[in-house]
Amino acid sequence: MKDYKDYSLLRHNTFGIDARCRRFVEYESVEEAQELVCSLAEDDRPLLILGGGSNLLLTDDYKGTVLHSSMSFIEQLDDERVRCGSGYLWDDFVDFCVSHDLYGAENLSIIPGECGASAVQNIGAYGAEAKDLIEEVEAVEIATGGLCRFTNEECRYSYRQSRFKHEWRDRFLITSVTYHLSRTYQPKLDYGNIRTALAERGIEHPTAAQLRQTITDIRNAKLPDPKEIGNAGSFFMNPIVSRAKYDELAAHYVRMPHYTVDADHEKIPAGWMIDQCGWKGKTLGRAGVYEKQALVLVNLGGATGGDIVRLCEAIQEDVREKFGIEIHPEVNLIPRPVSSKERGN
């Protein structure tokens, strides 16, 4: 187990924010996780459970203890089930599945972060979500040190949501995730520009490896490398609106992209709305909107978490005024800042 005081979190967040925490502890096994939680004192709180740092924005120094898993293993349990340590890189898991003819994860290629976070965030892309694969989540309860196992149903997954993000927040240290893949390949090609990208390559019936590579190329073309430009990928969730609201907007924006959720709801891309508000490529101090993808906020170098928050709030206000829709960060803001509305500005 590694244990540090007054520790910089710079290399633990893809936004490249140089915030510090009072204490940083890293565990390598279930036993170490149990030992850790049983030794925590009141002075160690508040607690922050940190994965790869690819889905958070550090708005300030963290005046508490950061807990991180370095449980980085993968094992195939049977013909269709794979178990990964919570610290195992998500894209390495996808690569393992594709190379072992295990299907269902290929559309989730090159999403940054660790497997433990997939069970918290219900990560998703190109018509696929982690919840469609997760069978069981193993975790240590912080209050008792007991080892718990949760089924997919018990986690109550929905769009970018789970119980780990809400009523179970800061209650468990995830130690492993078991995924159920398929031996039957059923490619999902109808989301985004997958078919167009495949056609440009002269591929009509892609293998899983070809689909993974195509999605990797699409994401690399529109998303900046965090090693070069600090970012956390898609910053905002795509809002789901009522059919009535969609019809109202569609009457004004004939080419507005959308995805049907059910008979009563449509999903409208937040990036499209942000682009329509003129934010793509624009900056606010050292924070900016990526020139190739309006859904991505970037650290242009030396930005603070507060700089990113101010940009976020300005974008939210413009989208609200233009479309009458509230968009919310997919990225976790830690510690949660006081909004301009709460400040009375």
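May I ask you to rank Met1, Met237, Met71 by accessible area, largest first, using a 1.4 Å probe over the protein chains only? The partial results should precede the final answer.
On the way: Met1 85, Met237 35, Met71 10 Å².
Ranking Met1, Met237, Met71 by accessible area, largest first, yields Met1, Met237, Met71.
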Query raised in the report: Which residues does a label at Asp101 reach in the stretch 192-220, if reach means a backbone N under 15 Å from a point 7 Å past the Cα toward the Cβ?
Result: 207-209
Report summary line: For the stretch 112-172, the accessible surface attributable to carbon and sulfur atoms (probe 1.4 angstrom, ligands and nucleic acids excluded) amounts in percent to 46
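According to the Cα gyration tensor, what semi-axes, each the square root of 5 times an eigenvalue, does the equivalent ellipsoid of the chain have, listed from largest to smallest in whole Å?
The three semi-axes for the chain are 31, 28, 18 Å.
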**Report entry** Approximate spin-label separation Thr144-Lys5, in nm, with each point projected 7 Å along Cα-to-Cβ
**Finding:** 3.4
Report summary line: Cysteines of the chain without any disulfide-compatible partner (other Cys Cβ under 4.7 Å) are Cys21, Cys38, Cys97, Cys148, Cys155, Cys277, Cys312
Report task. List the residues of the stretch 296-334 whose backbone N lies under 14 Å from a point placed 7 Å from the Cα of Thr283 along the Cα-to-Cβ direction. Result -> 298-304, 308
Query - Local electrostatic count, Phe164, Cβ distance below 13 Å [Lys/Arg +1, Asp/Glu -1] - result: +2
Query - Vicinal HN-Hα couplings computed from phi for the stretch 65-74 (Karplus, 6.51 cos²θ - 1.76 cosθ + 1.60; Hz; Gly/Pro x) - result: 10, 9, 10, 9, 8, 10, 6, 10, 9, 9
Report summary line: Connecting every pair of Cα atoms under 10 Å apart in the chain and solving the GNM, the largest mean-square fluctuation among His68, His252, His166 falls on His252
Query raised in the report: Alpha carbon centre of the stretch 138-155 versus the stretch 235-277: separation in Å?
Result: 37
Query raised in the report: Under a point-charge model restricted to the Cβ atoms of Lys and Arg (+1) and Asp and Glu (-1), what is the dipole moment magnitude of the chain relative to its Cα centre, in debye to the nearest 20?
Result: 1140
Report summary line: Of Gly124, Gly116, Gly233, the most mobile residue in a GNM of the chain (C-alpha springs, cutoff 10 Å) is Gly124
Query raised in the report: In terms of modelled amide H atoms, which long-range or inter-chain residues lie less than 5 Å from the amide H of Ile123?
Result: Ala130
Report summary line: Subtracting the Cα-Cα distance of Ser158 and Tyr253 from 0.36 nm times their residue separation yields 31.4 nm
Report summary line: Each label sits 7 Å from Cα toward the beta-carbon; between Ser242 and Cys38 the label points are separated, in nm, by 5.4
Report summary line: Given a Förster distance of 41 Å, the FRET efficiency implied by the Cβ-Cβ spacing of Leu77 and Lys227, rounded to the nearest 0.05, works out to 0.75
Report task. Please quote Rg/Rh for the stretch 60-209 to two decimal places, taking the Kirkwood radius as Rh and restricting both calculations to Cα atoms. Result -> 1.01
Query - Length added when fully stretched, Asp170-Val261, from 0.36 nm per residue minus Cα-Cα - result: 29.7 nm
Query raised in the report: What is the packing order of peptides 324-334, 304-314, taking the mean over residues of other C-beta atoms within 10 Å and listing the highest first?
Result: 304-314, 324-334
Report summary line: GNM on the chain, Cα springs under 10 Å; top mean-square fluctuation among Glu75, Glu28, Glu141 goes to Glu75
Query raised in the report: Per residue, how much accessible area does the chain have with a 1.4 Å probe, in Å²?
Result: 47
Query - Structure-based [θ]222 nm, the chain - -39500 (n - 2.57) summed over DSSP H runs of at least 4, per residue, nearest 500 - result: -7500 deg cm²/dmol
Report task. Give me the percent of the accessible area of the stretch 182-269 that comes from carbon and sulfur atoms, probe 1.4 Å, all protein chains in place. Result -> 49
Query raised in the report: Want the number for Asn332 to Glu31: 0.36 nm per residue separation, take away the alpha-carbon distance, what's left?
Result: 105.5 nm
Query raised in the report: What nm distance separates the two modelled labels at Gln276 and Arg320, each placed 7 Å from Cα along Cα→Cβ?
Result: 1.8
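The values are calculated or read from the model by the stated rules, or taken from the named source; none is laboratory data. Source: prediction; values computed, not measured. We place every Cβ from the backbone using ideal geometry, glycine too, and count neighbours over all the protein chains shown. For the accessible areas, the whole protein counts, side chains as well, though only heavy atoms, and no ligand, DNA or RNA atoms are used. Shrake-Rupley method; radii C 1.70, N 1.55, O 1.52, S 1.80 Å.
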